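One structure below.
The values are calculated or read from the model by the stated rules, or taken from the named source; none is laboratory data. Quick caveat, the model's predicted, so the values are computed rather than measured. In this analysis, Cβ positions are derived from the backbone assuming ideal geometry, glycine residues included, and neighbour counts consider all displayed protein chains.
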Amino acid sequence: MANPKIKDAGVATRFQKGTSPNPGGKPVGSKNRLQGDFMKALSEDFAEHGKAAIVATRKNSPAQYLKVVASLMPKELEIKRPLEDLTDDDLLAGIAALQSLVDSQGNAGGTRH
């Protein structure tokens with residue numbers, strides 16, 4: 001999209017529309033092709049030697065093994081306790097409401113103790 005200020009002012013721009021500023025630059029897709037080739041080779045190597053490499057690392061370099069395991073863990077572990085903020089009265093009211101619901105639906109599952 002052309003800059004309207006330049007277009008309206010009649011100023012010629014450095015690059016003309018449709019003309020590449022670097023015609024001899026990197027071929028389109030070359031970076032992606034290199035990454036794809038590397039990932040394919042890595043995947044094939046891991047499929048063949050991965051388990052043995054993991055076992056060897058665990059035996060020969062347990063500190064490095066644990067470092068890798070730790071790097072795969074989530075950075076934060078969030079423990080959600082949704083009932084933690086409720087008071088005893090809130091919990092008792094919730095239990096009473098559930099009991100009332102169960103009672104209103106009948107006792108289709110057997111006798112209650």
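Would it be correct to say that G24 is modelled with pLDDT of 70 or more and not in a helix (DSSP H, G or I)? Considered against the rule, which asks whether it is modelled with pLDDT of 70 or more and not in a helix (DSSP H, G or I), G24 comes out as yes. Considering the range 63-104, the residues that are part of a loop (DSSP other than H, G, I, E, B) and among the acidic types (D, E) include one that is modelled with the lowest pLDDT, namely E78.
Of all residue pairs spaced 6 or more apart or on separate chains, those with beta-carbon atoms under 9 Å, a first member in the range 34-61 that is β-branched (V, I, T) and a second member that is in a helix (DSSP H, G or I) are I54/Y65; I54/V68; T57/Q64; T57/Y65; T57/V68.
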